[in-house]
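Below is one structure, written out as structure tokens; comments come after it.
The values are calculated or read from the model by the stated rules, or taken from the named source; none is laboratory data. All of these numbers come straight from a predicted model, not from anything done at the bench. Backbone-built Cβ (ideal geometry, glycine too); neighbour counts: all protein chains shown.
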Amino acid sequence: MSSIETLTAERRIITPPDFLRQNALIQDYDALYRYSISAPEKFWEGVANELWWQEKWHTVLKFDPPHHEWFIGGKTNITINALDRNVNSHRRNKVALIWTTESGKEVVVTYDRLLRRVSQVANALKSAGVKKGDRVIIYMPLTVEGIYAMLACARIGAIHSVVYAGMGVGALKTRIEDCRAKVVFCADVTYRAGKTVNLKSIVDEAVRDIEFIEKIVVLRRQEPKEELTSSREVDFFEFIEHQPQHCEAEIVDAEHPLFILYTSGTTGKPKGVVHVHGGYMVGTYYLSRAFYDIKETDIFWSTSDIGWIVGHSYIVYGPLLNGATVLAREGAVDYPHPGIVWQTVERHGVNLMFTAPTAIRLFMKYGAEHVRKFDASSLRLIACAGEPLNPEAHQWAQDVILGERGFVVDNWWQTEIASPVIGTLPAFNAKLGKAGKSMPTVIADVVAPDGKPVAPNQGGLLILRRPLPYMMRTVWGDDERYKKYWEDFEGCYTSGDVAFYDEDGYICVLGRADDVMNVAGHRIGTAEVESAFITHAAVAEAAVVGLPDDIKGERIKAFIVVKAGHEATENLKNVLRDHVRRELGPIATPSEIEFRNTLPKTRSGKIVRRLLKAEALGQDAGDLSTLAD
């Protein structure tokens with residue numbers, strides 16, 4: 001735990017500008033927080049009452065650990081609150097979405113137009129036989145059509161599962177098979193860093209032997225258009241073109257599943273995290289304003305992707321629930337030049353930005369001159385999450401990007417908890433190296449393995465002592481796996497992260513306690529990457545670890561034992577990299593591969609990755625080599 005002692009030496013503080021503090025939704029954090037933890041159900045009921053429900057709930061919360069239900073008896077549909085509520089107001093012709101690309105193409109969509117397009121996709125899905133509760137895979141880049149598809153599924157009560165359009169054949173196939181999707185939306189290509197990346201070939205291979213998929217809807221972007229060779233395939237625009245522009249929303253129970261989003265775990269199979277219409281809607285609606293400071297007149301830009309939880313909550317649902325304007329950009333944050341982000345901020349007058357610490361470190365690498373070429377004065381808040389925000393990057397972003405006219409804030413949450421849990425609000429100071437304090441109704445604690453709370457500035461396991469409406473309800477098709485989140489400490493959710501808190505209640509989240517790596521803000525399970533290696537004929541055993549990286553946060557190193565009859569050559573390393581890239585996508589590609597004769601294991605045969613990691617870092621592994629279960 002020596003790194004914790006080093007981190008606690010950080011004492012720098014950043015004070016928010018007065019105008020930001022004065023206009024924040026939460027003015028007196030301490031008073032509001034005390035009220036929220038004393039009456040959490042009343043607190044969330046007050047928020048929920050600001051939204052539209054066809055039928056109100058009779059019970060706010062039923063918590064029978066590990067299961068929790070919110071707004072029981074309530075009936076609504078999240079798209080009515082995100083779309084109809086805005087169209088039936090002065091926001092009808094307001095811009096809902098600005099979409100742009102690396103090449104400079106722009107599409108502007110008003111709330112009225114967004115509802116019409118979503119309705120057409122929804123009607124097309126219904127005509128294809130998709131019903132309430134059916135699953136739909138969306139394997140698309142960050143496009144307006146991908147957003148239409150997400151909202152259309154929600155509109156009819158279908159359950160969308162977006163798969164990041166950078167994952168490979170194996171990852172996509174696993175997710176399709178796990179949720180037994182009826183329809184797959186995809187694109188022929190995506191564009192990134194000036195390159196055209198083929199997606200359709202990945203889909204073709206993933207679905208080849210899957211019989212239960214009934215329709216594959218293809219957004220064809222290239223000219224000449226790619227030929228559709230399967231009777232299951234249909235062009236996206238032909239699919240929706242003749243459909244009516246009105247579709248009544250399916251009224252669903254508050255606990256009806258909205259989406260499944262897969263996240264890596266400590267076994268090879270990814271976890272299908274399930275979020276629901278009611279609680280997810282209430283949480284993202286509130287925290288869009290309370291944490292991200294989104295106001296109706298704002299343009300909000302998340303540099304994430306719809307394939308991740310940030311894209312669900314803060315590209316699609318959260319800002320739209322608040323009637324704001326969303327900017328979405330397909331492509332790399334440093335292409336076609338290192339200052340493109342700031343040029344985009346200047347062009348569109350972006351007010352609020354969500355980005356990853358990886359991106360901030362990349363901007364640092366390129367230098368301040370690329371920021372200062374452009375006028376970013378419209379920006380007042382930059383929020384970072386997805387991995388720990390190191391103090392140097394935080395201070396650089398504050399000094400160089402915003403200066404005294406804005407505020408850079410940290411926050412922590414997970415795919416399993418779809419909005420901020422810990423963060424730095426505009427109402428109080430930022431402490432570098434700390435994510436912040438607990439959000440309203442959140443009771444976060446740091447405990448030792450025996451469950452006893454630790455003292456300030458001592459490392460421990462981060463747990464939540466009560467559920468939140470915007471937490472997952474289960475793991476799709478595997479409730480036993482869901483229960484594991486709650487089994488270590490009675491009645492408490494275990495985050496899987498290591499953290500500490502200081503004397504003022506600020507929490508520093510240090511990273512994962514289990515075998516999950518955080519590469520450029522993407523959670524990647526060691527077991528999933530190892531499983532991909534093992535499928536190659538030359539590999540007998542595989543272990544992977546995450547190592548510190550100045551830009552990505554962590555990079556992947558693999559340790560491989562080769563089967564008899566195969567040679568451990570440099571060429572085999574290249575072959576294995578390509579194999580993992582094909583199976584899981586570029587984000588899971590190892591930066592380094594080391595061949596070994598054996599791997600260190602416990603007495604029961606489990607690989608001791610901590611020993612491998614310590615050796616790779618040149619650290620004294622102590623007694624790790626003798627670890628038992």
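Among the residues of region 198-225, the ones that are under 24 Å from the mean Cα position of the chain (by Cα), outside any helix (DSSP H, G or I), farther than 25 Å from Lys126 by Cα and touching a residue at least 12 places away in the same chain (Cβ under 8 Å) come to 1 in all. Selection over region 226-236 of residues that are in contact with a strand residue (DSSP E or B) (Cβ under 8 Å, 6 or more places away or on another chain), outside any strand (DSSP E or B) and of a type outside the set (Gly, Ala, Ser) gives a count of 4.
The rows are residues; the columns are (1) in contact with a Leu (Cβ under 7 Å, 6 or more places away or on another chain); (2) over 26 Å from Lys434 (Cβ atoms); (3) surrounded by 15 or more Cβ atoms within 10 Å (Cβ to Cβ); (4) of a type in the set (Ser, Thr, Tyr).
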residue	(1), (2), (3), (4)
Arg473	no, yes, yes, no
Trp476	no, yes, yes, no
Arg481	no, yes, yes, no
Glu490	no, yes, no, no
Ser495	yes, no, yes, yes
Phe500	no, no, yes, no
Asp504	no, no, no, no
Arg512	no, no, yes, no
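Got a sec? Which of Asp497, Asp450 is outside any loop (DSSP other than H, G, I, E, B), of a type outside the set (Val, Ile, Thr) and more than 14 Å from Lys271 (Cβ to Cβ)? Reasoning before the result, please.
Numbers: Asp450 fails: outside any loop (DSSP other than H, G, I, E, B).
From the options Asp497, Asp450, the qualifying one is Asp497.
Of all the listed residues (Gly170, Gly166), the sole one being in contact (Cβ under 8 Å) with a residue 40 or more places away in the chain, part of a helix (DSSP H, G or I) and of a type outside the set (A, V, I, L, M, F, W, C) is Gly170.
Of all residues assigned to region 23-35, at least one qualifies as being surrounded by 12 or more Cβ atoms within 10 Å (Cβ to Cβ), in contact with a strand residue (DSSP E or B) (Cβ under 9 Å, 6 or more places away or on another chain) and farther than 28 Å from Val475 by Cα. Restricting region 126-146 to residues that are under 22 Å from Val189 (Cα atoms) and among the aliphatic types (A, V, I, L, M), which is surrounded by the most Cβ atoms within 10 Å (Cβ to Cβ)? Checked region 126-146; the qualifying residue surrounded by the most Cβ atoms within 10 Å (Cβ to Cβ) is Met140.
Looking across region 408-441, just one residue is among the basic types (Lys, Arg), farther than 17 Å from Arg465 by Cα and outside any loop (DSSP other than H, G, I, E, B), and that is Lys431.
What residue, among those in region 549-567 that are part of a loop (DSSP other than H, G, I, E, B) and touching a Lys or Arg at 6+ places or on another chain (Cβ under 9 Å), is farthest from Gly386 (Cα to Cα)?
Initially, region 549-567 is screened for residues part of a loop (DSSP other than H, G, I, E, B), giving 550-552, 563-567.
Still in the running and touching a Lys or Arg at 6+ places or on another chain (Cβ under 9 Å): 550-552.
On the way: Asp550: 15, Ile551: 13, Lys552: 11 Å.
Once the filter is applied, the top-ranked residue is Asp550.
All of (1) closer than 26 Å to Ile72 by Cα; (2) surrounded by fewer than 20 Cβ atoms within 10 Å (Cβ to Cβ) hold for Leu258 with one exception: (2). Close Cβ contacts (under 9 Å, 6 or more residues apart or on different chains) running from residues in region 593-620 that are more than 23 Å from Glu570 (Cα to Cα) and polar (S, T, N, Q) to residues that are surrounded by 18 or more Cβ atoms within 10 Å (Cβ to Cβ) and at pLDDT below 85 comprise Thr602/Val608.
Residue-wise test of (1) touching a residue at least 12 places away in the same chain (Cβ under 8 Å); (2) of a type in the set (Ser, Thr, Tyr); (3) in contact with a helix residue (DSSP H, G or I) (Cβ under 6 Å, 6 or more places away or on another chain).
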position: Lys105; (1), (2), (3): no, no, no
position: Tyr111; (1), (2), (3): yes, yes, yes
position: Val130; (1), (2), (3): yes, no, no
position: Leu142; (1), (2), (3): yes, no, no
position: Gly157; (1), (2), (3): yes, no, no
position: Cys179; (1), (2), (3): yes, no, no
position: Val184; (1), (2), (3): yes, no, no
position: Asp188; (1), (2), (3): yes, no, yes
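Would you check if there is a residue in region 246-268 being part of a helix (DSSP H, G or I), assigned by TED's automatic domain parsing to the domain that holds Val421, touching a residue at least 60 places away in the same chain (Cβ under 8 Å) and under 24 Å from Leu25 (Cβ atoms)? Scanning region 246-268, I find no residue that is part of a helix (DSSP H, G or I), assigned by TED's automatic domain parsing to the domain that holds Val421, touching a residue at least 60 places away in the same chain (Cβ under 8 Å) and under 24 Å from Leu25 (Cβ atoms), so the answer is no. Answer yes or no: is there a residue in region 328-339 that is within 30 Å of Asn88 (Cβ to Cβ), crowded, with 23+ Cβ neighbours inside 10 Å and at pLDDT 95 or above. Within region 328-339 (the criterion being within 30 Å of Asn88 (Cβ to Cβ), crowded, with 23+ Cβ neighbours inside 10 Å and at pLDDT 95 or above), the answer is yes, since at least one residue qualifies.
Rundown of residues vs (1) within 19 Å of Asp64 (Cβ to Cβ); (2) among the hydroxyl-bearing types (Ser, Thr, Tyr); (3) in contact with a Pro (Cβ under 6 Å, 6 or more places away or on another chain); (4) in contact (Cβ under 8 Å) with a residue 24 or more places away in the chain, yes/no style:
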| position | (1), (2), (3), (4) |
| --- | --- |
| Pro469 | yes, no, no, yes |
| Val475 | yes, no, no, yes |
| Asp479 | yes, no, no, no |
| Trp486 | yes, no, yes, yes |
| Tyr506 | no, yes, no, yes |
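Does Asp578 qualify as being of a type outside the set (A, V, I, L, M, F, W, C), touching a residue at least 24 places away in the same chain (Cβ under 8 Å) and surrounded by fewer than 20 Cβ atoms within 10 Å (Cβ to Cβ)? The answer is no for Asp578.
Just give me the residues in region 584-620 being in a loop (DSSP other than H, G, I, E, B) and modelled with pLDDT of 90 or more, in sequence order.
Once the filter is applied, which keeps residues that are in a loop (DSSP other than H, G, I, E, B) and modelled with pLDDT of 90 or more, region 584-620 yields Thr589, Pro590, Ser591, Arg596, Asn597.
Just one of the numbered conditions (1) surrounded by 23 or more Cβ atoms within 10 Å (Cβ to Cβ); (2) touching a Leu at 6+ places or on another chain (Cβ under 8 Å) is not true of Ile551: (1).
Any residue at all in region 136-143 that is aromatic (Phe, Trp, Tyr), closer than 18 Å to Ala328 by Cβ and assigned to a loop (DSSP other than H, G, I, E, B)? Checking region 136-143: not a single residue is aromatic (Phe, Trp, Tyr), closer than 18 Å to Ala328 by Cβ and assigned to a loop (DSSP other than H, G, I, E, B).
One residue stands out in region 438-471 among those that are crowded, with 22+ Cβ neighbours inside 10 Å and in contact with a Gly (Cβ under 7 Å, 6 or more places away or on another chain): the one that is modelled with the lowest pLDDT, namely Val446.
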